[in-house]
Amino acid sequence: MPLRAKVASSVSRTAAALSRAAGRGDGSVIGGWIGLKIDPDLLAHLAAGRAIALVSGTNGKTTTTRLTAAAVGVLGRVATNSFGANMPTGHTSALAKAGTTPYAVLEVDEHYLAQVLEATEPHVVALLNLSRDQLDRAKEVAMMAQLWRAALVRHPSVRVVANADDPMVVWAATPPALRSNQVEPPAVTWFSAGQRWHDDSWVCPECGSPIERMSDQWWCTGCPLRRPEPQWVVEDDGVVDPAGDWHKVVLQLPGRVNLGNAATALAVAAEFGVRPTDAVSRLGGVASVAGRYAQVVRDGRTVRLLLAKNPASWLEAFDMADMAPTLLSINARDPDGLDTSWLFDVDFAPLRGRQVLITGDRAYDLAVRLDVNGVPFQHVRTFADAVANVPPGRLEVIANYTAFQDIRAELDRVN
Ligand SMILES: [Zn+2]
């Protein structure tokens, strides 16, 4: 590395360590910020010489990044931004902290994918899904797909591993020239992770015609865009690889959505030459991801934390949650997005028949929504009140970003 980059990297590590020591989070954002101030090309310098995978999408990227890092770990040391700092400052900090590693697996905020592709020249990029998120500031889904596509066209040599079940992802991952010839682009490996949420992909991003669906399949009624044949598929409690071999996947993480994330991780790792038989047992070693899915026992209640921050992820959370008392917590602080109207895009009917409690800064928004949906609920002021109001046994907690952090902090204090 050039001297300037060496200095920048060293200062970045020190700043992050000081920030951690001062109890101000994991320090990765400030560390990366200072490093990039000293050397604006620091991320590119740190990325050079590593085989890199980028993981992007609206939902599941933190978990998929973690599973992918575990799978690629079969080959050697892997640098990764495991705390969800998914912008260039976080990537810079993660690579500076890790030192020299042959591999890196980086979670990338979908808005920064083009910039990070440019800086890191990855071997492979994984595209998970695109759906509405943070209504007051995120881009429209179709615009996001357009940005991804433009970025990939500028990097034709990068391997793409993409979700065949999401029409927006398929369109973004398929270069225009190939699409018009109806030829499957050779550089894309398709996986099928399922897609519960369809409300951002009823209209074809290519021609504006309606998209039709039948069982697993989808197709545009006005142009050749349709679901490509996936090479990696979730089947029962395992994953089928491109050779047609089925691998049982035993995860500690709940839900079918995480089996899909595991399939994605195996597909990305295979791009580095990792055989699924070697990687699959490592996926089972991942117990929680930045506190998500963590189970904590408190006052005889087994509390499980699920993060859900937009309509698509709420649907997945309902699928993961057991039929048990469930606490929902909603805030609308800066990291959450200030607009909670997306609550009306979520069908809360799956919660009927269980004890539902609500809390958080915007619990009353949730109250209106649940009332409209015909779901009885009880409002509690604090997490401790929620625990006191449910019988011993399991308590499922589904919370959006800062609400999740608040509850995690309270649990950490007690435990
Ligand atoms: Zn179309």
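Restricting attention to the range 139-156, the residues that are open to solvent by 50 Å² or more (accessible area, probe 1.4 Å) and modelled with pLDDT of 90 or more total 6. Taking Ala70, is it in contact with a Lys or Arg (Cβ under 6 Å, 6 or more places away or on another chain), under 30 Å from Met168 (Cβ atoms) and part of a helix (DSSP H, G or I)? Taking the combined requirement at face value, the residue satisfies it. On the given criteria, is Thr80 open to solvent by 10 Å² or more (accessible area, probe 1.4 Å) and hydroxyl-bearing (Ser, Thr, Tyr)? In short, yes.
Go through the residues of the range 98-116 one by one and say whether even a single one is buried (at least 24 other Cβ atoms within 10 Å of the Cβ) and out of contact with any strand residue (DSSP E or B) (no Cβ under 6 Å at 6 or more places or on another chain). For the range 98-116, residues buried (at least 24 other Cβ atoms within 10 Å of the Cβ) and out of contact with any strand residue (DSSP E or B) (no Cβ under 6 Å at 6 or more places or on another chain): absent.
Mind listing just one residue for me: the one in the range 117-138 that is within 17 Å of the chain's Cα centre (by Cα) and open to solvent by 10 Å² or more (accessible area, probe 1.4 Å) and, of those, modelled with the highest pLDDT? The residue in question is Asn129.
Only one of the numbered conditions (1) out of contact with any Gly (no Cβ under 8 Å at 6 or more places or on another chain); (2) open to solvent by 10 Å² or more (accessible area, probe 1.4 Å); (3) closer than 19 Å to Leu307 by Cα is not met by Arg408, and that is (1).
Results for (1) more than 30 Å from Ser281 (Cα to Cα); (2) without any contact (Cβ under 8 Å) to a residue 12 or more places away in the chain; (3) more than 16 Å from the ligand (Cβ to nearest atom); (4) surrounded by fewer than 20 Cβ atoms within 10 Å (Cβ to Cβ), shown as yes or no for each residue.
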{"residue": "Ala187", "(1), (2), (3), (4)": "no, no, yes, yes"}
{"residue": "Ser192", "(1), (2), (3), (4)": "no, no, yes, no"}
{"residue": "Asp199", "(1), (2), (3), (4)": "yes, no, yes, yes"}
{"residue": "Glu206", "(1), (2), (3), (4)": "yes, no, no, yes"}
{"residue": "Trp219", "(1), (2), (3), (4)": "yes, yes, no, yes"}
{"residue": "Cys223", "(1), (2), (3), (4)": "yes, no, no, yes"}
{"residue": "Glu229", "(1), (2), (3), (4)": "no, no, yes, yes"}
{"residue": "Asp236", "(1), (2), (3), (4)": "no, yes, yes, yes"}
{"residue": "Val239", "(1), (2), (3), (4)": "no, no, yes, no"}
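The values are calculated or read from the model by the stated rules, or taken from the named source; none is laboratory data. Please read these numbers as outputs of a predicted model, since none were measured by experiment. Positions of Cβ are backbone-derived with ideal geometry, glycine not excepted, and every protein chain shown enters the neighbour counts. Ligands, DNA and RNA are stripped out before the accessible areas are found, and what is left, the full protein with its side chains, is counted by its heavy atoms. Shrake-Rupley method; radii C 1.70, N 1.55, O 1.52, S 1.80 Å.
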